[in-house]
Amino acid sequence: MKLYFSPTSPYVRKVTVLALETGLDARIERLPSPTTPIDQNAEVARANPVAKVPTLVTDDGLHLFDSRVICEYLDTLHDRAKFFPAAGAARWTALRQQALGDGLLDAALLARYEGFLRPEDKRWPAWAEGQMKKVHGALADIETLADSLGERVDIGTVTLACALGYMDFRYAGIEWRKQYPKAAAFADRMFARPSFKATVPA
């Protein structure tokens, strides 16, 4: 399989953590593919109509994109404990937590694009502030969940940890760890895993 990736993408990190945790990493060739909303990577665009990473090309030539879809596909290819619970409350809990982590990332990335990619004379502070309100809403929710997460490793907890890792990477200056210490402690438990140590953005 071929994975188009950027080493700083938290969505890519989610995919690569799952691949490492499930023993699939050796079956995936990683193709560095830097891309932004205003500077699309032509190779990624040929593989994915929305020109975003991660994009996975399967062994049989299927082109999959969006980290949620890729992760669920990869979860069908191994015999270890599944990352996507099959049914019941455990499934909905994991999927909700995945949506929470992805929602935090969506808002954090939009705020970063506003301040980093958009020309200064075209920036809209109220837009960035609105996105950061969503970020803090998600962080507050993770704070309330943290004690219940324990040592569980599934698509929910992996996504939450990747989102918190992105906060360390791009938003350490807002000192989110001081505001949400339980979320930070949960993140550190996950970051101690070899799969997270191997995927730290740089």
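Quick notes on this one:
- Computed from the C-beta positions of S148 and T76 and an R0 of 22 Å, the FRET efficiency is 0.20 to the nearest 0.05.
- Length-normalised contact order of segment 82-202 in % [C-alpha pairs under 8 Å, at least 6 apart]: 32
- The tail of the calculated P(r) for segment 107-202, taken as Cα-Cα distances beyond 18 Å, holds 48 percent of the pairs.
- Cα centroid separation, segment 160-177 to segment 1-66 (Å): 22
- All other residues whose Cβ lies under 10 angstrom from that of Q131 are scored, Lys and Arg at +1 and Asp and Glu at -1, for a net of 0.
- Local electrostatic count at V69 - Lys and Arg +1, Asp and Glu -1, tallied over other residues with Cβ under 14 Å: -1
- Relative contact order (%) - criterion: Cα under 8 Å, at least six apart; region: the chain: 23
- Rounded, prolate or oblate (a/c below 1.5 giving rounded, otherwise prolate when a/b exceeds b/c) for segment 45-115 by Cα gyration tensor: oblate
- Rounded to the nearest 10 Å², the accessible area of R13 at probe 1.4 Å: 20
- Counting Lys and Arg as +1 and Asp and Glu as -1 over every other residue whose Cβ lies under 15 Å from the Cβ of D141, the net charge comes to 0.
- Around the amide H of T36, modelled in the peptide plane, lie the amide H atoms of N41, all under 5 Å away and 5 or more residues distant in sequence or on another chain.
- Of S148, S67, the residue with the largest accessible area leads and the full order is S148, S67 (1.4 Å probe).
- Ranked by the mean number of other Cβ atoms within 10 Å per residue, highest first, peptides 58-64, 117-123 order as 58-64, 117-123.
The values are calculated or read from the model by the stated rules, or taken from the named source; none is laboratory data. Bear in mind that the values here come from a model prediction, so they are computed numbers and not experimental data. Counting neighbours? That spans all protein chains shown, and the Cβs are built from the backbone with ideal geometry, glycine included. In case anyone asks, the SASA skips ligands and DNA or RNA and just uses the protein heavy atoms, side chains included. Shrake-Rupley method; radii C 1.70, N 1.55, O 1.52, S 1.80 Å.
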